[in-house]
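Step one of this worksheet: look at the structure below.
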Amino acid sequence: MLTLSNVEVKYAGVILVLRGVSLQVPEGKIVALLGSNGAGKTTTLKAISGLLRTELGEVTAGSIEFCGGRIDRVDPEQIARQGIIQVMEGRKVLKHLTVEENLRLGGYIRPAAEVRSDMEMVYAYFPRLREKRTAVTGYLSGGEQQMALIGRAMMARPRLMLLDEPSMGLAPLIVAEIYAIIQRLAAEEGATILLVEQNARAALRISDYAYVMENGRVVLDGPSAALAENEDIREFYLGMGKLGERKNFREVKTYKRRKRWL
Amino acid sequence: MLVISGMMNGAIYGLVALGFVLVYKASAVLNFAQGYMLLFGAYLFWFFRVTVGLPLVLAMIAAVAAGFAGGALIERLTLRRLIGQPLISMVTVTIFLSLVLEGLVSMIWGTYPLQHVAAFPESTIRLGKMVLTTQSLIAFGLALLAAGALIVFFRFTRIGLAMRGVAEGHQIMQSMGISVRRILNVSWGLAGVAATVGGILLGSTLGFQLGMSHIGLLAIPAAFIGGLESPEGAILGGLLIGLIESIVSGYVGNAAGVPAAFVVLILTMLVRPYGFFGLERIERV
Amino acid sequence: MSRIPFYPPSGVYSDSYRKDMRIVKTGKQRLMAIAGLVFLAALPFIPGLNAPYHLRLLIGIGIAVIVALGLNILTGYCGQLNVGQSAFMMVGAFTSGMLNAYWGWPFWASVIPGGLAAAGVGVIFGIPSVRLKGLYLALTTLGAQIILTWIALYGVTVTSAGFTVEPVRLGGIVFNTPQKFYYVALAFTLGMALAAKNLMRSRLGRAFIAIRDNDRAAEGMGIDIFKYKLLAFAICTFYAGIGGALLVHYMMWAQLESFTLQDSVWYVAMIIVGGLGSIEGTIFGVIFITVLKELVLVVGPMAQETLSFLPIGAASGMMLVFIGSVAILFGVLEPRGMAHRWSLIKSFYRLWPFGY
Amino acid sequence: MPKLDTYPKLLVENRRTDGQRVALRRKDRGIWKSYTWEDSFEQVRLLSLGLVELGLQSGDRVGLIGDDEPEGYWAEAAIQAAGGVVVAMWSDSAPPEMAYVLQHSDARFVIAEDQEQVDKLLEIKESIPGVERIVYWDPKGLRRYAAPVLMGFDALRELGRKRAEARPGEFEERVSDTQGSDPAQISYTSGTTSLPKGAVITHDAILASARRMQEICPLEPGEDVITTLSTASVFHSWFAGYNYMSRVVINFPEEPETLMQDIREISPRFLLITPRQWESLSSMTQTRIADAGFLKRSVWELLLPVGYKVADLRSQRKPVPLGWRLLHALAEAVVFAPLRDKLGLTRTRYPFTGSAFLSPEFFRFFQAVGIRLRQVYGSTEAGVVSMHAEDDIDNDSVGRLCEGAEVRISETQEILVSGPSIFSGYHKSPEKTEQVIRDGWFHTGDSGHVGERGHLHYLDRIDNLDELAGGHRYAPAYIEGKLKFSRYIQDVMAVGGRTRDYLSVIINIDFESIGKWAEARGISYTTFADLSQKEEVGDLVRADLERVNRTLPSEARVQRFALLPKEFDADEGELTRTRKLKRQFLYARYKELIDSIYDGRSEVPMVSEVKYRDGRKGQVSTSLKIRSVYRDGGAPC
């Protein structure tokens, strides 16, 4: 459905952020994109959704195809109309508008008739949003905001959803709740999801395939189950020290062991 | 007597302030060129009416259409490339725009006042001991009408909602498939219309001359007192400013009106920073 | 091989933090700095350049640099917009002028109070807007411009018509000719520029930059936003006041016409074109816009004769349009101004033979 | 005047004559902190008396492990001042290696740098009962370590201070007791064969080598130099001679990682770095210029040949005609001088390479750019044997013989050395000493000959010298050196020997530059293993092989090659600490690969077992392609 081959992204023409990233997102699957801060995960998402252009970023090499058509030169609005909706990190809701207005805007590109029925569908998924319909989203709790965001994205009936760290800054319980909903979305609505996450454990659990990125390049990829077993992933992303027991901060060494991506 | 004429002018200021609010609501940019768009719109109307010789109504429509096109053009040429840039560069560009507009007007039509043209039949009506000119009555009516239309537009239409969304964040809206460019274009176009209509009315009452841009500056305090975000606030702010301006210049004389308006602006900023109708800014870290 | 900074040249190292922070690090730089100063000082005596017209232009640039520096400190470093800079310049000019004309204070005694007066008035206008986030300062400064011009016109009778001011005197030398006044202007400009440069490298400068980039984070770090924004505005208006005082003592005549709203906009254009947040940028911007204005003043009237259908007064309109659009082009195409272009050239030279 | 035949004596002398002059400098948080001779003296005095207080007698061995920092430098002098013998170890050596060395040299104390080394020592604590105390100088992270055996530098200095008050003058007295003939340090050479051997080196031997270096490369007091090699390498002790004997200021880089930047800031007069570092410098330069803009690239391509021409003429001692001299002056100003400035070598009069083979191409490249690169030949056991003098550089030799170094060539073309600078035998292994020292002559194990201008020519290690089935003799290091000149190849091992009739090579690609090359051509890759097996990368390396083959005699041409999916790594015992190939170990480990190369197979499944730093094992299985240089595998076209 979505294929990136050798995508290279530069900010302001100088700073090389992505150095030849290639990945595939098959139809109806959940694909996870792991990596530490600054590995280039969010940039990859923004390259796909075209939002890079508003930040002086541009795709300088390689290509991004979505259902056959190339979309790396297309305006963000057109890309969204083709069914790729990005849920940005940091719970970027429209603060001063109410939940309902957020959702209505979400369905802006859909025919007005269907907006009403879609709204019901979202409320079915997120009952808590129904109570807070008329509240100004600025005053909602973190979890509720995240739900509103995902709901807003669902309003556009996307064929591909780009979720950027949905679990950031949320309590574990709410993270579990949101992940459950994401899984239901993929199962019931057949939505394809590209999930960017720091929380590797949760992401690996619900995704079918996963890529690991490090300073602008994919350094490891494979089925999520296999990756969860991989030595280095356990060491560096799942915080499992030697012999599988959990690492605690007291043992942190002042020197850094060299990663062996062999 | 001063009260009435103040209210009349106030309506025009309100209308122009509406244009200011439109731009702020959609792109959080303080449009310093609003006063000069008024000037340009007025001269356009004069051009259609006198040099081209169109009948009154037709000239007005042509001027308004040109006003819309002018506003949209400004957005298209300059602000479009600044979408990702910090706010400061957008605001400074509007400041330079005011220079360019003033320059264009003085280049095309020279710097001396133009021959007087009345937009509406000139007659006076006596109401009790007060003499009212039809001009200002029509202006008053028109201003209220425009404000009403805009209020409805913002509350209930899709584009209005989208406009309020764009002010929150360009990227968020783009990610939802809403063309931020088109929304900004429309909002600048409407601001152009408001400025042109204001220009026509002001021109017909005070005459077409460069000084009009100075009056146009009054739109800013009017909009601010109203709260920068709400159309109703802009109209009420305009009326208030009109009132103050006429009373102060009546008693103090020598055009004390304009500075007085800004004194009021600064006072309101102290008392109610978000104006009477503006909404509290939500800050979340 | 990690990214090695290639400046200063190899072999230059500092064994104390003071040495590390010096602006002039290498011998070559010191040489160039001295040569520059000597050239500037000797300028009035170089036959080719010392025509009165050139000197008047240079003095104008010097004063404009001082005022623009103040504006860049506020807008470039602290992120607040000021559209009434020439009004505060006027306050400084008239205060220093009146002190001189009516109380007989010599220039040296009246210039600083002129600056302080401007800063005082600035603070009065600044307080309401500085409390708020966003560009409200632009509104109050616009208001200041209009209110102060009105007061000068109608309020204080003496200033409306303009009054004479004695020239600068220093131990017998009367600086009344462009040759002589050039040195006063040069001294002030260099002094204020150096002060600005070091100011911005100090703790204060860093606080301004923090406020510009993310005022919520700055507040979180314990920077009292209100105090620092007000301080930045005070410095900006102080610079304007000094510039005003200098202008008045140079022209020996204080009048309203040289402090209009249009001038304020020119100052804004200068720092946008020159480069926000850079001292060298301010100097580039001032020179660029002033030269452009002179050019149009020459071309304008000629154009008026040739294109006869243009109405009277078209020349001034042409200047507005021409320079206004240049400023817009810079604002849109090169937001970081000429200073950015200058730093690219410098790095190209420094990185030779490598590319990065 | 007591005979100044040990570094501590020189230290005492220097403190007396110019106590206030700067002796050392260290970069700390961006600023170079200076230490005067007085400071150095004070530090060494307190540390030495502290050690004596702990029970150190003269002749005892003390281990020293850590990066090259002033504290280590002072510790070395303190041990020698108290008559002790320094046993220096590489900071990145693995715990079992350290255990063997400490046991073998029965060291009584160990001075370690930081938490990393302390952790390793604590791990092997049971196997080194002889060590009574472990002293560390960088306390970061060690605050909660309760082990009684641990002690900080401050505590040691405190002990020293107390003892100094109790017995004033004891330090000077102990220093003057030491003799030049006493052993100064035991250097464990990792050697390319079995277990490390501990070469005992006396003060006289070190000073002799140091004096030779200073005769050929004299430096004035107060000039700046920078340490580049760890305390464990014997070169470090000769280098310290500059500090003690000519009072040259030694600068210590902040971290091993920031070495290149610190070199640039100091622009040292004398600089010795390993061949691997010269190779990476040259490939960095070429990559960066290739990435630079069109103008810079074309100027470089235009003027480089001028540099080559003049360098060749100079090394053949021919006069440079006026035309070329003018052109060279232009090239110097436009490209070479700025380049040297970027590399930080503007004021470097003596750029040196040593301890391993560096192919002539590199010498020619650096000389073309105006860096008069020279070779020093010597070893732990033999001391400094030969060096290039300023005006007498010949790219094919390893320099003119130094005064006092007598050299003879045995019938098997082996270089024999004798003179004051050779070592006095292997610690606790007399039988190994006999093998190597016979009637005063040390058998270096290197093959070579003495040229006509008194220059020593080095070919390769004796046991590496090999010959093909057809009887053709070849030196693997020579071929490997030529191949390493290409910026795409990081390491290479030549394979041949009597049972084979042609040569083949196993290559480690340079991940960074090939990665860039691949990105530029849109070839997507993920890991090192994946990149190394790409068809396009194979062709790229084949082009380099053909280039080198053209310069080799036809029988010695490389026929087949394989790109290894993992880098040679010292942690797995494949390289010595100075990055030299451990050939026997590699032949054994990759036997299956080598056999399949010669069976003509084009693919071999390879499961290479990877040892993580904390001892855990991991498997990496890849199918490794074997390619032949000439399509038909037949005779070279």
key: Test: residue B:53 is over 18 Å from residue C:272 (Cβ atoms), outside any helix (DSSP H, G or I), open to solvent by 20 Å² or more (accessible area, probe 1.4 Å) and away from chain C (no Cβ under 14 Å)   = yes
ask   = Of all the helices (runs of 4 or more DSSP H) wholly in the stretch D:276-345, which have at least 2 residues that are touching a helix residue (DSSP H, G or I) at 6+ places or on another chain (Cβ under 8 Å) and open to solvent by 30 Å² or more (accessible area, probe 1.4 Å)?
value = D:294-315, D:322-331
query = Got at least one residue in the stretch C:290-311 being touching a residue at least 40 places away in the same chain (Cβ under 8 Å) and surrounded by 14 or more Cβ atoms within 10 Å (Cβ to Cβ)?
reply = yes
inquiry  = Tell me the residue from C:211, C:173, C:146, C:127 that is surrounded by fewer than 18 Cβ atoms within 10 Å (Cβ to Cβ) and within 14 Å of chain B (Cβ to nearest Cβ), please.
reply    = C:127
ask   = Looking at D:179, D:185, which one is closer than 30 Å to residue D:580 by Cα, of a type outside the set (Gly, Ala, Ser) and either buried (at least 18 other Cβ atoms within 10 Å of the Cβ) or touching an Asp or Glu at 6+ places or on another chain (Cβ under 9 Å) (or both)?
value = D:185
task = Could you please find all residues in the stretch A:5-20 being of a type in the set (Ser, Thr, Tyr) and more than 12 Å from chain D (Cβ to nearest Cβ)?
result = A:11
note = Taking the stretch C:19-61 and keeping only residues that are modelled with pLDDT under 80 and either of a type in the set (Ser, Thr, Tyr) or part of a loop (DSSP other than H, G, I, E, B) (or both), one is left with C:22, C:23, C:24, C:25, C:26, C:46, C:47, C:48, C:49, C:50, C:51
ask   = Out of C:274, C:317, C:331, which single residue is in contact (Cβ under 8 Å) with a residue 60 or more places away in the chain and either under 16 Å from the mean Cα position of the chain (by Cα) or crowded, with 18+ Cβ neighbours inside 10 Å (or both)?
value = C:274
inquiry  = Within the stretch D:145-155, does at least one residue satisfy the condition of being under 23 Å from residue D:11 (Cα atoms) and open to solvent by 50 Å² or more (accessible area, probe 1.4 Å)?
reply    = yes
task = Answer yes or no: is there a residue in the stretch D:103-117 that is touching a residue at least 60 places away in the same chain (Cβ under 8 Å), assigned by TED's automatic domain parsing to the domain that holds residue D:164 and open to solvent by less than 10 Å² (accessible area, probe 1.4 Å).
result = yes
request  = Starting from residues that are in contact with a strand residue (DSSP E or B) (Cβ under 8 Å, 6 or more places away or on another chain) and part of a helix (DSSP H, G or I), keep the ones in the stretch D:260-275 and report whichever is farthest from the other protein chains (Cβ to nearest Cβ).
outcome  = D:275
remark   = Going through the stretch B:133-147 in order, the residues found to be open to solvent by 30 Å² or more (accessible area, probe 1.4 Å) and either under 15 Å from the mean Cα position of the chain (by Cα) or closer than 18 Å to residue B:226 by Cβ (or both) are B:140, B:142, B:144, B:145, B:146
remark   = Here the residues within the stretch D:27-38 that are away from chain C (no Cβ under 14 Å) and surrounded by fewer than 18 Cβ atoms within 10 Å (Cβ to Cβ) are D:38
request  = Quick one: count up the residues across the stretch B:211-249 that are touching a helix residue (DSSP H, G or I) at 6+ places or on another chain (Cβ under 7 Å) and within 14 Å of chain C (Cβ to nearest Cβ).
outcome  = 23
query = surrounded by fewer than 18 Cβ atoms within 10 Å (Cβ to Cβ) and not β-branched (Val, Ile, Thr): does that describe residue D:461?
reply = no
key: Residue satisfying all of: in the stretch C:21-34; out of contact with any Pro (no Cβ under 6 Å at 6 or more places or on another chain) and open to solvent by less than 60 Å² (accessible area, probe 1.4 Å); farthest from residue C:196 (Cα to Cα) among these   = C:27
message = For the stretch A:206-224, check the following and say yes or no: at least one residue is of a type in the set (Lys, Arg) and either surrounded by fewer than 17 Cβ atoms within 10 Å (Cβ to Cβ) or at pLDDT below 65 (or both).
response = no
query = Does residue A:194 meet the test of being of a type outside the set (Phe, Trp, Tyr), free of Cβ contacts under 8 Å to residues at least 60 places away in the same chain and outside any helix (DSSP H, G or I)?
reply = no
Matching residues in the stretch B:59-109 - criterion: being more than 7 Å from chain C (Cβ to nearest Cβ) and outside any helix (DSSP H, G or I) = B:83, B:84, B:86
inquiry  = Condition first: charged (D, E, K, R) and under 13 Å from residue D:456 (Cβ atoms). Now tell me which residues in the stretch D:375-413 satisfy that.
reply    = D:392, D:394, D:396, D:400, D:406, D:408
task = For the stretch C:217-264, name all the residues that are open to solvent by less than 10 Å² (accessible area, probe 1.4 Å) and among the hydrophobic types (A, V, I, L, M, F, W, C).
result = C:218, C:232, C:233, C:236, C:240, C:242, C:245, C:246, C:248, C:254, C:259
request  = Only residues that are away from chain B (no Cβ under 13 Å) and more than 19 Å from the chain's Cα centre (by Cα): list them for the stretch A:68-85, please.
outcome  = A:68, A:69, A:70, A:73
task = With respect to residue A:146, determine if the residue is within 11 Å of chain B (Cβ to nearest Cβ) and within 21 Å of the chain's Cα centre (by Cα).
result = no
inquiry  = I'd like the residue in the stretch D:126-144 that is among the charged types (D, E, K, R) and either open to solvent by less than 50 Å² (accessible area, probe 1.4 Å) or in contact with a Ser or Thr (Cβ under 9 Å, 6 or more places away or on another chain) (or both) and, out of all such residues, is farthest from residue D:159 (Cα to Cα).
reply    = D:140
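Residue-wise test of (1) closer than 15 Å to residue D:186 by Cβ; (2) in a helix (DSSP H, G or I).
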residue	(1), (2)
D:51	no, yes
D:56	no, no
D:67	no, no
D:80	yes, yes
D:98	yes, yes
D:101	yes, yes
D:110	yes, no
D:118	no, yes
D:121	no, yes
inquiry  = Quick check on residue C:185: is it in contact with a Leu (Cβ under 7 Å, 6 or more places away or on another chain) and among the aliphatic types (A, V, I, L, M)?
reply    = yes
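Results for (1) at pLDDT 85 or above; (2) under 22 Å from residue A:100 (Cα atoms); (3) under 14 Å from the mean Cα position of the chain (by Cα); (4) buried (at least 21 other Cβ atoms within 10 Å of the Cβ), shown as yes or no for each residue.
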{"site": "A:120", "(1), (2), (3), (4)": "yes, yes, no, no"}
{"site": "A:128", "(1), (2), (3), (4)": "no, yes, no, no"}
{"site": "A:139", "(1), (2), (3), (4)": "no, yes, no, no"}
{"site": "A:163", "(1), (2), (3), (4)": "yes, yes, yes, yes"}
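The values are calculated or read from the model by the stated rules, or taken from the named source; none is laboratory data. Values in this document were obtained by computation on a predicted structure and should not be read as measured data. With ideal geometry, Cβ positions are generated from the backbone for all residues, glycine too; neighbour counts draw on all protein chains shown. Surface accessibility is based on the protein's heavy atoms, side chains included, excluding ligands, DNA and RNA. Shrake-Rupley method; radii C 1.70, N 1.55, O 1.52, S 1.80 Å.
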